Structure formats: C-alpha cells, structure tokens
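Here, each number is a calculation from the coordinates, and none is a lab measurement. Only a predicted model underlies this, so the values are computations on that prediction, with no experimental measurement involved. As a convention, Cβ positions derive from the backbone with ideal geometry for all residues, glycine included, and neighbour counts pool all protein chains shown.
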Amino acid sequence: MTLTDTAPDRATGTGRAHGKVVLIGEHTVVYGMPAIAIPMSGLSAHATLHPPEAGSPPPAPSAHWLGHDDALEVRFTCSADTIPAGSGVAAATAAALRCWDPRGRPWEVRIRSDIPPARGLGSSAAAAAASVRAVADLCGAALDERSLYRLVQTGEKVTHGRPSGVDAAAVTATGPIRFAAGIARPIPTRVDARLVVADTGESGSTRQAVDSVRARLQHDHANARRLLTKAAELTEGAAADLADGDASGLGVRLTEFQRLLRELGISTTELDRLIAAALKAGACGAKLTGSGLGGCVLALVEPHRAATVREALTAAGAHRTWTVPMTQETS
C-alpha cells in the first residue's frame, strides 16, 4: 500500500465483503488464544463511492432499514480530512482516502448490507472492508490483504474499542481461517457438515461483553489461566477435527466451549434456550457465536439434519436462521 497524490481515474468505486461466524475461540482470542472463523458468503455488504452532486450540500449521515428486503443502507460523506465521530466505517474509509486520495476531496459513500448489526456476524467489519475496497477501486490502487486488514481494524477500533482482529480477517477470507495474534491462516476443512446459525433477535454489544470478560479474568488470575488454557486446547482440537473430518468430535468441542463462555458470563437465557433446542433436534454441537450477551447461536449439523434443526430453532424462538456450508467460495 503506497501513498499517492494522483487523481482517481474512475468516477465511481465499488467494493464488497461478506459476513462471518466465529466457530470457536471468541473472547479468548483477545488474549492471544487461537480462534476459528467461517465466512458467511450468503450475507454481504456492498459499498459505492462517488462525487457528491454539484451544487448540492453534502447529505447528512444516515442509516435506515429498507423494509422490503430487510437490508440496511448507510450513507455519509467522507474525505481524507474526515475526523469520524464514532463511526468505524467512516474511520476506515477516511484512512483509505488518506492513502490514495490525500487531497481532501469529499466523496459520498453508500453502503447496503444484509448482515444484521450487533449480532456477532461481522456487520461493522464487512461494511468497513467493502468501503475500503471501494476507495481502492475508485483510485485504481492495488490493495493487498495485510493493508486491507489494517484499514478495517482502524474502523473496528472505533466501533468496538479493543477488537481482536478476527472479524477484520474473516469478512474478506475465502474459506475457514485460524486466527491468532493478528495473523490469519487458511485451515483445511474436511468435515461433511453444515452450520445452522440462528438469531435470538437480541442485540449484543462487543465492547460491553469484552469489558465484562476482562473484569472477570482480572479478578481471578488462576481461573483466567485455566480458562484460557482450556480454550486454546479446544480450539486446536477443533482445527484437528476439521482436518480429520470428525464432525462428532468437533461438535463436542463446540458444546464444551459454550460452557466456558457461559462461565465467562456472556451467555443469556435466550441463547441457552436456542442451544438446547438445537442439541435436542440432533445437532452435533452448539454454542453462541460472537460477543454474546445477545446475538446468534450456531449449531453444527449433519447435512440431512439441517432442515430439522432450523425448524427446531424457529420453534424455540429464533427470529431467523441461515444455513452455512463449512467450505465455500467467496470473493
């Protein structure tokens, strides 16, 4: 990524990124432990940058639901000189403009996303990644993976405070990744299974959940070491299960990891109810995904059980569900 003062050679820039689920390792990844994340290519954010209309005042920042298709549209004006007030997407966009369009010209940014926010599915990171890619497209700039990750993390720090980085890596990954200490690597996945993801309808707060977990771990250092060591063992075991094609073993580890998350105080009655419903319907394993205190659960299921588990989750109160293949092609 290099700084350039050349003018953009396009009138419009576009970019895209997708959602994600953390299979295992959320929260403990903040402390250097590994995590595994899976792309959700069926949910995506699309960004467009173009010049504001001549003679028109910049549109006020806005965000609203498009009721006909349950998508979120976000609009704002941004330049290299923008100092975002609490907007991680604008912070990432402005950082990208400082790299490739440092003259301070304003650009209108429009993002359309069907990734529900505050559900642990990577909504903010995907929007930031899509917008950064749109800036690169606008300016005709080459964008490598590491630079994209750093720019998205600029936004995630504004949105979440102290993000682990797993979201920033996963929303542009082309397959399952193992993430630890800021480094993402593809991992082999031979498990013949699906993930059924269910939305509780309750918004979660990554910042609140991370602060709560930190307080618990700092209160009891011996217990913190035990939890972090166990979390790392379960995650590394899950990576081995993926490589070996062991859906049963992987499911057991996911359910065990949920016990750790419950001990950390970030599960809720609604999350626990959906997890119990998935397991009763025949899931190999189930847990919350993301920050917790609301959001979503995921259930690992054999392909022929996916419909049954989705129906059970809906009957148990899930607002919506998605089925995610363990391996997928994304862009």
(request) Run a plain Debye calculation on segment 86-142 (Cα atoms as equal point scatterers, no solvent) and give log10 I(q)/I(0) at q = 0.25 Å⁻¹, rounded to two decimals, same order as the q list. (result) -1.01
(message) Ignoring everything except DSSP H segments at least 4 long, calculate the 222 nm mean residue ellipticity for the chain; use -39,500 (n - 2.57) per segment, divide by total residues, nearest 500.
(response) -12500 deg cm²/dmol
(request) Note the direction-averaged projected area, equal to a quarter of the hull surface, for the Cα convex hull of segment 128-204, in nm². (result) 7.0 nm²
(request) Could you state the angle between the C-alpha long axis of helix 221-244 and the longest principal axis of the C-alpha atoms of the chain, as a value from 0 to 90 degrees rounded to the nearest 10? (result) 90 degrees
(request) May I ask you to compute the full-extension gain from A243 to A11, defined as 0.36 nm times their residue separation minus their alpha-carbon distance, rounded to one decimal in nm? (result) 79.0 nm
(request) Please report the Cα spread of segment 13-184 along all three principal axes, rounded to whole Å, starting with the longest. (result) 52, 37, 27
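Would you mind ranking V22, V158 by Cβ crowding within 10 Å, fewest neighbours first? Write down the numbers at each step before the final one.
On the way: V22 26, V158 20.
Going from sparsest to densest Cβ surroundings: V158, V22.
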(request) Work out, step by step, the length gained on full extension between R273 and D81: first 0.36 nm times the residue separation, then minus their alpha carbon distance; give nm to one decimal. (result) 64.4 nm
(request) Any chance you could give the angle, 0 to 90 degrees and rounded to 10, that helix 123-139 forms with the longest Cα principal axis of the chain? (result) 30 degrees
(message) Could you compute Rg(Cα) / (2.2 N^0.38 Å) for the chain, with N its residue count?
(response) 1.00
(request) Name the residue, out of P102, P39, P163, whose mean-square fluctuation peaks in a Gaussian network model built on the chain with Cα pairs under 10 Å. (result) P102
(request) Would you list, by chain and number, the lysines whose Cα falls below 22 Å from the Cα of K287, excluding same-chain residues fewer than 8 positions away? (result) K20, K230
(message) Quick check: the angle from helix 206-219's long axis to the longest principal axis of the chain, C-alpha only, nearest 10 degrees?
(response) 50 degrees
(request) Restricting things to alpha carbons, tell me how big segment 189-325 is in terms of Rg and Dmax, in Å. (result) 14.9, 45
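Using the count of nearby Cβ atoms within 10 Å as a rough guide to exposure, how do R178, R225, R262 rank from fewest to most? Each step should come with its number before you reach the end.
Details: R178 22, R225 11, R262 17.
So the residues, fewest neighbours to most, are R225, R262, R178.
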